[in-house]
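**Q** Sharing a structure below in structure tokens format, with a few things to ask.
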Amino acid sequence: MKTVTEYLWFNTRQRREFINITDKIKEMVERSGIQEGFVLVSAMHITAGVYVNDAEEGLIEDIQTWLEKLAPYDPNYKHHATGETNADAHLKSMLVNHEVIVPVTHGFLDFGPWQQVYYAEFDGQRRKRVILKLMGE
Amino acid sequence: MKTVTEYLWFNTRQRREFINITDKIKEMVERSGIQEGFVLVSAMHITAGVYVNDAEEGLIEDIQTWLEKLAPYDPNYKHHATGETNADAHLKSMLVNHEVIVPVTHGFLDFGPWQQVYYAEFDGQRRKRVILKLMGE
Amino acid sequence: MKTVTEYLWFNTRQRREFINITDKIKEMVERSGIQEGFVLVSAMHITAGVYVNDAEEGLIEDIQTWLEKLAPYDPNYKHHATGETNADAHLKSMLVNHEVIVPVTHGFLDFGPWQQVYYAEFDGQRRKRVILKLMGE
């Protein structure tokens, strides 16, 4: 059994930004030489998410509109008594989920034809990390 | 360490259909001889989900009604400019989540008394896959 | 490769209660001696969740208010024909998700500065379990 751990750093220009990180995960798996295993892709901050879905611009806008509807920005969250104004980013992170497991088979990401991994930043413009941890052989 | 990878194929009659796949996972674990490990159960399409909850028909109807309320069908999603009409199925997939990890202990699914694994199809009537990937020893 | 399996038992005073279980997971990892791996933290009941977010009381209230808004208590769920009155707890469990994977690197939980693991009880006042399953070496 072998494990490989890497970190992706982000510092988005916009407060909210979705970034396709599928190729970063592929490259890490190729470098590792691991043929069979799992890659954990997990946001290390609690105002960002990681999810698997389509690389289609219209859908990405739909997802952002939908998240704003279900977990809206609002000045009046109790969390804001701490001085923060980002409670909605925490709720969006919970809705999207902060991590996925990607299966690796014969050295490749074992994905269906349209599956892509996205980093979803909900409170950016500062340095934040995602862990990629691969376990297998 | 050993890994086993299998695929479940679905082609549902209805556009939306929930299918209990717990026994398929049990059978795979038994065939493998693996005593301790994790099974990843992950939809390979981005308009379907996998979740763990109750095998109770009333609750399944409640879940479907609830998903329709939080991620409704609507002709006006931006994704539909591609010619698709299934943006709601993508959103439902994100809400339910597309994968679970099932623990295996002493050769059995290490579940509580009511836990069942469901495949949730939101845009069916065509061939779609779920990966079952077991890693352990 | 090594696996360690432990169970946390809960019997909350309130019907709904959120409990920080990060230290329990840390202690388990330390006892195991495992340096590199994954810990699965998964609720074994279908009316509870496990999630990663902030240990901040205001935010925890915000999360609870938000869950009640998106998956409200209602006497009229179809599930209640079984005699249960907890369909909302099942929906809340699905929204929060019932499990997380925590990465272990150099013998420690490989978390960002604010990540904490919570057990979210939605239908307590009875004995319920969470499985902690660590796989690594």
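**Q** Scan the range A:94-108 for residues that are assigned to a loop (DSSP other than H, G, I, E, B) and under 22 Å from C:Lys92 (Cβ atoms) and jot them down. So that I can check it myself, show each step before the final result.
**A** Kept after step one, since they are assigned to a loop (DSSP other than H, G, I, E, B), are these residues of the range A:94-108: A:97-98, A:106-107.
Passing the criteria: A:Asn97, A:His98.
**Q** What do you reckon, is A:Tyr119 under 11 Å from the mean Cα position of the chain (by Cα), away from chain B (no Cβ under 12 Å) and surrounded by 17 or more Cβ atoms within 10 Å (Cβ to Cβ)?
**A** yes
Let's see how each residue does on (1) in contact with an Asp or Glu (Cβ under 7 Å, 6 or more places away or on another chain); (2) under 17 Å from C:Val52 (Cα atoms); (3) of a type in the set (D, E, K, R):
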position: A:Ile21; (1), (2), (3): no, no, no
position: A:Glu56; (1), (2), (3): no, no, yes
position: A:Leu59; (1), (2), (3): no, no, no
position: A:Ala81; (1), (2), (3): no, no, no
position: A:Leu95; (1), (2), (3): no, yes, no
position: A:Pro103; (1), (2), (3): yes, no, no
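**Q** Here's another thing I want to ask about it. Restricting to the range C:14-33, name every residue that is among the charged types (D, E, K, R) and within 16 Å of C:Ala89 (Cα to Cα).
**A** Listed by number, the residues that qualify are C:Arg15, C:Arg16, C:Glu17.
**Q** Which ones in the range B:42-87 are among the polar types (S, T, N, Q), surrounded by 16 or more Cβ atoms within 10 Å (Cβ to Cβ) and away from chain A (no Cβ under 14 Å)?
**A** Matches in the range B:42-87: B:Asn53, B:Gln64.
**Q** Which residue, of C:Tyr119, C:Tyr73, is of a type in the set (Ser, Thr, Tyr) and assigned to a strand (DSSP E or B)?
**A** So the residue among C:Tyr119, C:Tyr73 that is of a type in the set (Ser, Thr, Tyr) and assigned to a strand (DSSP E or B) is C:Tyr119.
**Q** Of the residues A:Thr12, A:Thr5, A:Thr82, A:Thr22, which is free of Cβ contacts under 8 Å to residues at least 24 places away in the same chain and of a type in the set (Val, Ile, Thr)?
**A** A:Thr82 is the lone residue from the list that is free of Cβ contacts under 8 Å to residues at least 24 places away in the same chain and of a type in the set (Val, Ile, Thr).
**Q** Here is a further query. Tell me, yes or no, whether the range C:5-19 has at least one residue that is buried (at least 21 other Cβ atoms within 10 Å of the Cβ) and facing another protein chain (nearest Cβ under 10 Å).
**A** The answer is no; no qualifying residue exists.
**Q** Read through the list (1) within 13 Å of C:Ile131 (Cβ to Cβ); (2) assigned to a strand (DSSP E or B), then give the number of the only condition that B:Phe111 fails.
**A** Among (1) within 13 Å of C:Ile131 (Cβ to Cβ); (2) assigned to a strand (DSSP E or B), the lone unmet condition for B:Phe111 is (2).
**Q** For the range A:32-41, state whether one or more residues are closer than 19 Å to C:Phe111 by Cβ, hydrophobic (A, V, I, L, M, F, W, C), open to solvent by less than 70 Å² (accessible area, probe 1.4 Å) and in contact with a Pro (Cβ under 7 Å, 6 or more places away or on another chain).
**A** yes
**Q** Inside the range B:62-107, can you point out the residues that are of a type in the set (Gly, Ala, Ser) and in contact with a helix residue (DSSP H, G or I) (Cβ under 8 Å, 6 or more places away or on another chain)?
**A** B:Ala71, B:Ala81, B:Ala87, B:Gly107
**Q** If you don't mind, there's one more thing I want to ask. Pick out the one residue from C:Leu91, C:Leu134 that is within 17 Å of A:Leu91 (Cβ to Cβ) and either within 12 Å of chain A (Cβ to nearest Cβ) or not in a loop (DSSP other than H, G, I, E, B) (or both). Spell out how you get there, then give the answer.
**A** Working: C:Leu134 fails: within 17 Å of A:Leu91 (Cβ to Cβ).
After applying the criteria, what remains is C:Leu91.
**Q** Here's a follow-up. Of (1) open to solvent by 10 Å² or more (accessible area, probe 1.4 Å); (2) over 14 Å from A:Ile46 (Cβ atoms), A:Lys133 satisfies all except one. Which?
**A** (1)
**Q** Shifting gears a bit: Checking A:Phe108 against (1) among the hydrophobic types (A, V, I, L, M, F, W, C); (2) under 24 Å from B:Val41 (Cβ atoms); (3) more than 18 Å from the chain's Cα centre (by Cα); (4) facing chain B (nearest Cβ under 9 Å), which test does it fail?
**A** (4)
**Q** Looking at C:Gln125, is it of a type in the set (S, T, N, Q), in a helix (DSSP H, G or I) and modelled with pLDDT of 95 or more? Even if it seems obvious, please write down each step before you answer.
**A** Values: of a type in the set (S, T, N, Q): yes; in a helix (DSSP H, G or I): no; modelled with pLDDT of 95 or more: yes.
So C:Gln125 does not fit the description; no.
The values are calculated or read from the model by the stated rules, or taken from the named source; none is laboratory data. As the structure is a computational prediction, the values presented were derived from the model and not from experiment. When we count neighbours, we look across all protein chains shown, and the Cβ atoms used for this are built from the backbone with ideal geometry, even at glycine. These accessible areas exclude ligands, DNA and RNA; they are computed on the full protein's heavy atoms, side chains included. Shrake-Rupley method; radii C 1.70, N 1.55, O 1.52, S 1.80 Å.
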